[in-house]
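Comments concern the structure below.
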Amino acid sequence: MEKIKIMGAGLSGLSAAISLAAAGYNVDVFEKRSDCGKRFQGDINGLENWSSHVDAISEFESMNIRTNYYCEPFKTLHLTNGEEVLANTFKKPFFYLLKRGDIENSLDQGLKNQALDKGVNIHFNSNVKKEDMDIISSGPEGKKHPGILKGILFETESDDIAVCLINNKTSNRGYSYLLITKGFGTICSLNLRDTNDDADAYYKKTYEVITKLFDIDIKNEKKSMELVIF
Ligand SMILES: Cc1cc2nc3c(=O)[nH]c(=O)nc-3n(C[C@H](O)[C@H](O)[C@H](O)COP(=O)(O)OP(=O)(O)OC[C@H]3O[C@@H](n4cnc5c(N)ncnc54)[C@H](O)[C@@H]3O)c2cc1C
């Protein structure tokens, strides 16, 4: 059986591993961290579903990827400029909300379990070199063109909602958002510039605008990941 070595047990590496193992390859994945999802801390991510007529989840199924992780469809998106709010409801989910991290039901742990079930060998704490690998899926860390994401994660009793805020006072060439799904929420500002000071100010303004427009209950707030390099 042909052997394949994959660098990185992120979404790309694990998806490749699952598909290759299903096709009969003997797969080894090398991950420098101690578990899958360690780059995240329970963050909520949106899996976009608006750019194709094919549903993202059906597309995953065609790649042998099952939905064994938290995956909540959203059909209504609130768009705001900070003053008016427009609620747009679509026929099919425009995105799915997923959890990221080494926590139960996260996408990262779901894919890890599917890979292990298919016989993939995952080697944690293994910092490897590109030259020794067949597939490089080491993600965006350390690459150029930084984007900075500032925000919070929190627990809440407020209803589920997805809000996208587009306003040049709340983000610099990016966007801000409020997402709440089944008791968990996040408020973030994404800035396409590499100055932390600006990102702080844009996040503070985002928080102010969102909490003025929406009456949300915020408990046990903690910082979301601060620096993202896409
Ligand atoms: C806070 C945050 C919010 C985000 N929100 C969204 C969102 O809402 N929607 C969306 O679509 N995307 C979002 N993203 C982006 C999304 O997370 C990434 O696009 C996705 O994780 C990329 O997957 P990947 O497998 O390419 O890389 P990664 O998930 O980064 O995986 C790469 C893996 O390779 C490992 N690795 C790196 N170097 C080595 C080495 N030398 N040896 C061994 N292992 C190595 C890393 O430890 C890592 O586990 C967000 C990102 C962040 C940080």
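Annotations for the structure displayed:
- Some residue of the stretch 13-22 being part of a helix (DSSP H, G or I), crowded, with 21+ Cβ neighbours inside 10 Å and out of contact with any strand residue (DSSP E or B) (no Cβ under 6 Å at 6 or more places or on another chain): yes
- For first residues located in the stretch 41-52 and within 13 Å of Cys188 (Cβ to Cβ), partners that are near the ligand (Cβ under 7 Å from one of its atoms) and lie 6+ apart or on another chain with Cβ distances below 6 Å form the pairs Asp43/Arg100; Asp43/Ser224; Asn45/Arg100.
- Unique residue being at pLDDT below 95 and over 22 Å from Asp43 (Cα atoms) when the list is Lys92, Lys118, Lys129, Lys99: Lys92
- Some residue of the stretch 163-177 being free of Cβ contacts under 8 Å to residues at least 60 places away in the same chain, assigned to a strand (DSSP E or B) and touching a helix residue (DSSP H, G or I) at 6+ places or on another chain (Cβ under 6 Å): yes
- Looking across Glu31, Glu48, one residue alone is at pLDDT below 95, of a type in the set (Asp, Glu) and within 15 Å of the ligand (Cβ to nearest atom). It is Glu48.
- From the options Gly110, Gly185, residue that is within 14 Å of the ligand (Cβ to nearest atom), out of contact with any helix residue (DSSP H, G or I) (no Cβ under 7 Å at 6 or more places or on another chain), assigned by TED's automatic domain parsing to the domain that holds Ala17 and under 25 Å from Glu72 (Cβ atoms): Gly110
- Whichever residue in the stretch 51-66 is loosely packed, with under 14 Cβ neighbours inside 10 Å and outside any helix (DSSP H, G or I) and, among such residues, is modelled with the highest pLDDT: Val54
The values are calculated or read from the model by the stated rules, or taken from the named source; none is laboratory data. Computed from a predicted model, the values in this text were never measured in an experiment. Backbone-built Cβ (ideal geometry, glycine too); neighbour counts: all protein chains shown.
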